[in-house]
1. Go through Thr43, Gln93, Tyr66 and say which Cα lies farthest out towards the positive end of the charge dipole of the chain; charges sit on Cβ, +1 for Lys and Arg, -1 for Asp and Glu.
2. So which residue, out of Val37, Val218, Val86, gets the largest mean-square fluctuation from a GNM of the chain using Cα contacts under 10 Å as springs?
3. Rounded to whole Å and ordered largest first, report the semi-axes of the equivalent ellipsoid of segment 8-217 derived from its Cα gyration tensor (root of 5λ).
4. Which GluC sites (Glu not before Pro) in segment 129-228 sit in a loop by DSSP (not H, G, I, E or B) and have at most 14 other Cβ atoms within 10 Å of their own Cβ?
5. Any idea which of Pro6, Leu142, Tyr221 is furthest toward the positive side of the dipole for the chain, if Lys and Arg beta-carbons carry +1 and Asp and Glu beta-carbons -1?
6. Taking springs between alpha-carbon atoms closer than 10 angstrom, which of Lys207, Lys46, Lys181 fluctuates most in the Gaussian network model of the chain?
7. So what is the relative contact order of segment 8-217, in percent, for Cα pairs below 8 Å that sit 6 or more residues apart?
8. Work out the length of the dipole vector of the chain about its Cα centre, built from +1 on the beta-carbon of each Lys and Arg and -1 on the beta-carbon of each Asp and Glu, and round it to the nearest 20 debye.
Amino acid sequence: MNKQKPDLKKEQAASSARPRYPYSLAARFFFSFMDLVTGNKITLSKTKLVEILASIPYRAWENNKYSRMTCNYRNLEAVEHARRVVEWGREAQDNEYGHLLVIQEKMKLDGVSDSWYLRPPVPWAIVCFYRIFASTLAFFSLRRAFLFNAEFEDHAEHVYAQFVSEHPEWESQPVDNDLVKHYYPDAATWADVFRRIGLDERDHRNKSFAYCGKPEHVVEYEGMPEID
Ligand SMILES: [Fe+2]
Ligand SMILES: [Fe+2]
């Protein structure tokens with residue numbers, strides 16, 4: 001495993017400079033819908049909604065593959081592949097949930113309250129739609145589900161890179177929060193916390209591209225985790 005720590009500033013600049021993946025019609029429709037609900041400006045509420053949705057595909061894949069593992073337990077090759085997807089799904093869900101908790105801490109620190117679209121029943125409706133969409137996609141084509149998620153994560157990576165550049169005050173804002181330190185012990189400032197979240201999204205993006213059969217779109221960096 002590569003143990004070298006990534007250069008977060010360098011990778012944020014690389015994310016900003018890299019053109020976005022040419023998104024599918026479905027992905028562009030989804031991002032436009034999100035902008036319609038949340039507005040074009042990147043805010044903590046907006047990223048919170050992104051994180052609430054981000055774990056859903058991983059949960060759908062986990063359920064899908066666990067069912068297949070149960071049905072095909074005699075086929076150890078299929079079981080091994082499914083087990084890798086299940087493990088990745090669980091790890092990524094935990095990571096996305098960590099992002100959600102960290103953003104909540106930042107909102108508490110800044111004294112920012114949730115935007116209207118984070119108040120029930122609005123998020124319930126959006127989550128319900130996305131759960132049905134993700135489960136249906138996973139049922140019919142896991143490969144297409146991985147690709148849609150790669151697009152979602154590519155979009156999220158660019159959003160975080162832009163978000164940090166729009167908040168230069170975060171560069172001198174120290175992290176003094178045990179929960180945030182638990183997830184990001186090496187981040188000295190809030191700018192680094194959000195840079196690291198953006199790089200986590202690149203990790204999710206990379207693995208999604210690798211699993212959907214498009215490894216040529218993996219964007220490597222020093223200190224990145226291995227893709228099995
Ligand atoms: Fe995330
Ligand atoms: Fe992600």
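1. Towards the positive end, the residue furthest out is Tyr66.
2. With Cα springs under 10 Å in the chain, the top fluctuation among Val37, Val218, Val86 is at Val37.
3. 29, 19, 17
4. Hits after loop and neighbour filter: Glu166, Glu220, Glu222, Glu226.
5. Leu142
6. Lys181
7. On the way: 207 pairs, mean separation 57.7, N = 210.
Once divided by the residue count of segment 8-217, the mean separation gives 27 percent.
8. Roughly 800 debye for the chain.
Read the figures in this text as sums done on the coordinates, not as results from a lab. Predicted, not measured: the structure shown is a model, and the values here were computed from it. Positions of Cβ are generated from backbone atoms using ideal geometry, with glycine treated the same way; all protein chains shown enter the neighbour counts.
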